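To keep things clear, I will list the structure first and then write my remarks on it.
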Amino acid sequence: MTFLQRANQGVQSLSPYQAGKPIEELERELGISNIVKLASNENPFGFPESAKKAIREQLDSLTRYPDSNGFTLKQTIAGKFGLKPEQITLGNGSNDLVELFAHTFVSEHDEVIFSKYAFIVYPLITQAINATAREIPAKNWGHDLDAFLAAINEKTKLIYISNPNNPTGNFLTHNEIDEFLAKVRSDIIVVLDEAYTEFTAKDERVDSFALLKKYPNLVVSRSLSKAYGLAGLRIGYAVANEEITGLFNRVRQPFNVNSLALAAAVAVLNDDAFVEKVAENNRNELKRYEAFCQQYGLKYIPSKGNFITIDFERPAAPIYDALLHEGVIVRPIAGYGMPNHLRVSIGLPQENDRLFDALIKVLNLKEI
């Protein structure tokens, strides 16, 4: 018997998660430099100075374990958003939390609902724990909430909704989420994954923490990797009612967030100027991407995230490879069932110009 045969049945047929290609890997493969990476929805402004200062102050304490409860960070989150610290769970990135939700509530006898073209970790974790995945066909590349409701049955335990959605950028309004939650059975956990919420306009953003007061079965998950620039430190947080949070803490690994991440997170959550600078650049440059696509006749999915997904109407793998040779890394998403698309992170103006020039060259684009 092989070790594969000894593995959990769900794990046996899993494929590893494929992250965006690192700059260093492309440098080794092609021997080129001055590479622009627009593949992983990272913050183009880099690490904020506020976080650097906080980290320097922590360096002499790294022989000690971090605060497993994350007291100061929870107090900061609670104060910023009008929450109770007891509602907050910290994670090693929001990806860690997405898995934690499933491990806490879902068994191999249960079903998990999520949309086609949603974050690929939803089906991965569902399969890994031998639960049944109910992947709902997308509506205009986004979540079809009416179809979600129709798919609910007595085995439904957990529902994932990413908003804005990755990798398509689709967005559900506050009213759409509210109306959906009102129709979901109260014993079903609904996860609202808001890793990209800071990139939506403030006047259209879902007031998800207000919804928590109406729906005790709601869990809101957020990331500090994107708008806050802490992707390399891996930190995110979830907010739920205190009973659910208590259950998460039974399963959560101790010391799952390191000391540097805790300190940096407190700093950037208080750094509104940095986050607004990031969001403003994203708004402006996303408009440039839309204008470029319209100018050259490229189809795209309207996005509320810090990325845009372009439909080339033919296999995108050769285009991806050609862009690599031009020193531009974007994200192929054939693994999401979108072989004709590439997802492009919104960078700084000069980085986006590199991508525009590279696309014109490799596709021989002409203005329409």
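Annotations for the structure displayed:
- A dipole drawn for the chain from +1 and -1 charges on Cβ atoms has a positive end, and of Asn306, Gln127, Ala291 the residue lying farthest that way is Gln127.
- For the range 35-60 and the range 183-209, distance of Cα centres in Å: 26
- Reported label for calculated percent of Cα pairs over 38 Å apart given (i) 29; (ii) 18; (iii) 35: (ii)
- The dipole here belongs to the chain: it is taken about the Cα centre, uses +1 on the Cβ of Lys and Arg and -1 on the Cβ of Asp and Glu, and is about 220 debye.
- Per-peptide packing, taken as the mean over residues of other Cβ atoms within 10 Å, places 257-265, 274-282 in the sequence 257-265, 274-282 from highest down.
- Residue among Leu230, Leu192, Leu62 with the largest mean-square fluctuation in a Gaussian network model of the chain, springs linking Cα atoms under 10 Å: Leu62
- Asp357 paired with Thr72, simple spin-label distance in nm, labels 7 Å along Cα-to-beta-carbon: 4.4
- Beta bridges per DSSP with both ends in the chain, % antiparallel, nearest 5: 50
- By average C-beta atoms within 10 angstrom, highest first, the peptides 350-361, 91-102: 91-102, 350-361
- Signed unit charges on C-beta, dipole axis of the range 1-47, positive-most listed residue Ala7, Ile23, Phe45: Ala7
- Eligible aspartates and glutamates near Lys37 by straight Cα distance, threshold 18 Å, same-chain separation 8 or greater: Glu24, Glu25, Glu27, Glu29, Glu285, Asp321, Glu326, Glu351, Asp353, Asp357
- Pairs of Cα atoms nearer than 8 Å and 6+ residues apart set the relative contact order; for the chain it is 23 percent.
- Helical mean residue ellipticity (222 nm; -39500 (n - 2.57) per DSSP H run of 4+; nearest 500) of the chain: -12000 deg cm²/dmol
- When the chain is treated as a GNM with alpha-carbon contacts under 10 Å, the residue of Pro164, Pro16, Pro332 showing the greatest mean-square fluctuation is Pro16.
- Cross-link reach list, lysines versus Lys52, counting only Cα pairs under 19 Å and skipping chain neighbours closer than eight places: Lys226, Lys277
- Dipole magnitude for the range 251-368: computed about the Cα centre from +1 point charges on Lys and Arg Cβ and -1 point charges on Asp and Glu Cβ, it is near 300 debye.
- The calculated FRET efficiency for Ser107 paired with Val11, based on their beta-carbon distance and R0 = 22 Å, is about 0.90.
- GNM on the chain, alpha-carbon springs under 10 angstrom: the most fluctuating residue among Pro302, Pro167, Pro22 is Pro22.
- Of Lys53/Lys157; Lys157/Lys299; Lys80/Lys214; Lys21/Lys304, pairs whose Cα-Cα distance is over 32 Å: Lys53/Lys157; Lys157/Lys299
- Heavy-atom accessible area ranking, 1.4 Å probe, most first, across Met1, Met338: Met1, Met338
- Sulfur and carbon atoms: percent of accessible area, the chain [1.4 Å]: 49
The values are calculated or read from the model by the stated rules, or taken from the named source; none is laboratory data. Keep in mind the model is a prediction, meaning the values are calculated, not measured. All Cβ positions, glycine included, derive from the backbone under ideal geometry; neighbour counts span all protein chains shown. Areas reflect the complete protein model, heavy atoms only, side chains present, ligands, DNA and RNA absent. Shrake-Rupley method; radii C 1.70, N 1.55, O 1.52, S 1.80 Å.
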